[in-house]
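Q: Okay, handing you the structure first.
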Amino acid sequence: MDLTRVSQSWIILILLTLMSYSSHTLAQNPGETPTVFHTHNSLYQSEIGDFGPVRPGIEVLLQDSIHLVSGKKVGLITNHTGVDSSGRSSIDLIFEHPKIKLVALFTPEHGIRGTAQAGELIENSLDGSTGVPIYSLYGKTRRPTNNMLVEIETLIFDIQDIGARYYTYVSTMTLAMEAASERGIPIVILDRPNPIGGAVQGNILKSEFATFVGRYPIAMRHGMTLGELARFYKGEFGIKVNLHVVPVSGWKRSMSFVETGLPWIQPSPNIPSIESALHYPGICLFEGTNISVGRGTDMAFQRIGAPWLDGEELARIMNRYNFAGVEFKADYFTPVSPGDGKFDGTEVSGVLLNATSSEYDPTEVAVALLAEALTMSGNFWEWREGHFDRLAGTDQLRGKIQAGIGLEKIQKGWENDLINFIRAREMYLIYP
């Protein structure tokens, strides 16, 4: 495995990324433009480090931008992560508001309460506290149907994303945008922080590998909020919807999630912490292999393991890379059900990843870890080819790792597409 760290061109790419963070603009493509509703005060807080209170989009909507939904029959796409800064449900806040009539709820993967396991289909149901029908967008259909939307005058989306391309809440949002466009219904995105920050890392999905796991060519770690992504998809991929983004007030791209003061609610059963979310853009690639990512444990996506791996040796090998912002230690754990069906009830050996600084790039670490785990596994190794390629957004990554191509060469092959993505997304960014 090539241990050369970072080429000169990769450094240039990082500088371009940093430049994109500082050059905030709300410029749009010619033609119809999505709107961004600011609060009565400045959207941005002081540059000297006093971030001030952070208010998610649901609070900004009800306090500053109620005109978007006042007097409207609304449908709300949400789940358990749709809460205000005090942890109160957006469902309750909207249902009880005298100027809004909530007529339908829509749930993504994992269900309205976030308890369903990955891939588990969700049925339509009735909300016990409000009596409002709940339509599943992860069952017989993955987009709102005409029958679901017949009463709705405005569609609202309020879900916490985690900042990775392969997280299906993003796909649910884009399909809802398309459905709203077809019926001439405005859609309001209630924005929330990107919990893993503004770094842009990894490869760009190839359009021929577009699936519900990842529909559009963006980076593995895209560094954007859902509101920014909605603007990007509308502008770059022609979703001609009447789009309104209600921004997070007081948030900066450089803030950690802890600095926001907002409650952390695990967005799905196997993202128990911000640490798991941070590793997810890289470690999720192991879902396309027969190696466990610790599903069913309290550190899912912070670890990998299998019965045949030597965790002590693998940790030594990975620490020799001297990756910035991360360290590895030998790990022994027992995946438990409900998990991913990999070694449930059997102790496995592997490594635990510990992020130590914001320099950490989980995507490059995952490529090296995949290569080393493959070498150590020998004939035990299995690619779950279809799923791995869906996650990777290409079949080239699997082929290059299997061929023993070094990390630097793999990353160099990502550079042009990644630079183009960073440049294209710049005009859609909302936050500094």
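The values are calculated or read from the model by the stated rules, or taken from the named source; none is laboratory data. Given the structure is predicted, the values throughout are model-derived calculations rather than measurements. Heads up, the Cβs are rebuilt from the backbone with ideal geometry, glycines too, and the neighbour counts pull from every protein chain shown.
Q: Starting from segment 254-281, keep only residues that are farther than 22 Å from Thr78 by Cα, then list their pairs with residues that are at pLDDT 95 or above and not in a loop (DSSP other than H, G, I, E, B) whose Cβ atoms are within a distance under 6 Å, requiring at least 6 positions of separation or different chains.
A: Cβ pairs passing all conditions: Leu278/Ala355; His279/Leu353; His279/Pro362; Pro281/Ala164; Pro281/Met220; Pro281/Arg221; Pro281/Pro362; Pro281/Thr363.
Q: Does segment 77-108 hold any residues that are in contact with an Asp or Glu (Cβ under 8 Å, 6 or more places away or on another chain) and of a type in the set (D, E, K, R), and which are they?
A: Scanning segment 77-108 gives a single hit, Asp84.
Q: Do you know which of the residues in segment 65-85 that are in contact (Cβ under 8 Å) with a residue 40 or more places away in the chain and not in a strand (DSSP E or B) is farthest from Leu175 (Cα to Cα)?
A: Ser85
Q: Scanning for something under 28 Å from Ile291 (Cβ atoms) and buried (at least 18 other Cβ atoms within 10 Å of the Cβ), does segment 416-424 turn up at least one residue?
A: The answer is yes; a qualifying residue exists.
Q: Pick out, from segment 153-212, the strands (runs of 3 or more DSSP E) lying fully within it that include 1 or more residues that are closer than 24 Å to Ile122 by Cβ and more than 11 Å from the chain's Cα centre (by Cα). Explain how you work it out, then say what you get.
A: Values: elements: 154-158, 187-190, 201-204.
Answer list for segment 153-212: 154-158, 187-190.
Q: Assess whether Thr375 counts as being loosely packed, with under 15 Cβ neighbours inside 10 Å, modelled with pLDDT of 95 or more and assigned to a helix (DSSP H, G or I).
A: Considered against the rule, which asks whether it is loosely packed, with under 15 Cβ neighbours inside 10 Å, modelled with pLDDT of 95 or more and assigned to a helix (DSSP H, G or I), Thr375 comes out as yes.
Q: Being within 15 Å of the chain's Cα centre (by Cα), basic (Lys, Arg) and farther than 15 Å from Gly198 by Cβ is the filter here, so list the residues in segment 213-268 that pass it.
A: Arg215
Q: Additional query: State whether one or more residues within segment 157-164 are under 22 Å from Gly71 (Cα atoms), surrounded by fewer than 21 Cβ atoms within 10 Å (Cβ to Cβ) and either of a type in the set (D, E, K, R) or not assigned by TED's automatic domain parsing to the domain that holds Phe106 (or both).
A: No, every residue in segment 157-164 fails to be under 22 Å from Gly71 (Cα atoms), surrounded by fewer than 21 Cβ atoms within 10 Å (Cβ to Cβ) and either of a type in the set (D, E, K, R) or not assigned by TED's automatic domain parsing to the domain that holds Phe106 (or both).
Q: Within segment 393-408, can one find any residue that is in contact with a Pro (Cβ under 9 Å, 6 or more places away or on another chain), in a helix (DSSP H, G or I) and among the hydrophobic types (A, V, I, L, M, F, W, C)?
A: Looking through segment 393-408, none of the residues is in contact with a Pro (Cβ under 9 Å, 6 or more places away or on another chain), in a helix (DSSP H, G or I) and among the hydrophobic types (A, V, I, L, M, F, W, C).
Q: Just name the residue that is surrounded by the fewest Cβ atoms within 10 Å (Cβ to Cβ) out of those in segment 91-120 that are acidic (Asp, Glu), in a loop (DSSP other than H, G, I, E, B) and free of Cβ contacts under 8 Å to residues at least 40 places away in the same chain. Reasoning before the result, please.
A: Filtering segment 91-120 for residues acidic (Asp, Glu) gives 92, 96, 109, 120.
Imposing the further condition that a residue be in a loop (DSSP other than H, G, I, E, B) reduces the set to 96, 109, 120.
Right, trim to free of Cβ contacts under 8 Å to residues at least 40 places away in the same chain and you get 96, 120.
Numbers: Glu96: 11, Glu120: 14.
If we take residues in segment 91-120 being acidic (Asp, Glu), in a loop (DSSP other than H, G, I, E, B) and free of Cβ contacts under 8 Å to residues at least 40 places away in the same chain, then Glu96 is surrounded by the fewest Cβ atoms within 10 Å (Cβ to Cβ).
Q: Same structure, new question: Which of the residues that make up segment 334-352 are touching a Phe, Trp or Tyr at 6+ places or on another chain (Cβ under 9 Å) and either surrounded by 14 or more Cβ atoms within 10 Å (Cβ to Cβ) or not assigned by TED's automatic domain parsing to the domain that holds Asn290 (or both)?
A: Once the filter is applied, which keeps residues that are touching a Phe, Trp or Tyr at 6+ places or on another chain (Cβ under 9 Å) and either surrounded by 14 or more Cβ atoms within 10 Å (Cβ to Cβ) or not assigned by TED's automatic domain parsing to the domain that holds Asn290 (or both), segment 334-352 yields Thr334, Pro335, Val348, Ser349, Gly350, Val351, Leu352.
Q: Here are some residues: Ala355, Ala392. Which one is in contact (Cβ under 8 Å) with a residue 60 or more places away in the chain, small (Gly, Ala, Ser) and surrounded by 21 or more Cβ atoms within 10 Å (Cβ to Cβ)?
A: Exactly one of Ala355, Ala392 is in contact (Cβ under 8 Å) with a residue 60 or more places away in the chain, small (Gly, Ala, Ser) and surrounded by 21 or more Cβ atoms within 10 Å (Cβ to Cβ), namely Ala392.
Q: In addition: Output yes when any residue across segment 381-399 is over 27 Å from the mean Cα position of the chain (by Cα), aromatic (Phe, Trp, Tyr) and assigned by TED's automatic domain parsing to the domain that holds Ser292, and no when none is.
A: Yes; the residues of segment 381-399 include at least one that is over 27 Å from the mean Cα position of the chain (by Cα), aromatic (Phe, Trp, Tyr) and assigned by TED's automatic domain parsing to the domain that holds Ser292.
Q: Hey, another quick one. Just to be sure I understand the filter: pairs with C-beta atoms under 8 Å, separated by 6 or more residues or on different chains, first member in segment 172-200 and in the same structural domain as Arg253 (by TED's automatic domain parsing) and surrounded by 20 or more Cβ atoms within 10 Å (Cβ to Cβ), second member among the small types (Gly, Ala, Ser) and in a strand (DSSP E or B). Which pairs pass?
A: From residues that are in the same structural domain as Arg253 (by TED's automatic domain parsing) and surrounded by 20 or more Cβ atoms within 10 Å (Cβ to Cβ), the pairs are Ile196/Ala164; Val200/Ala219.
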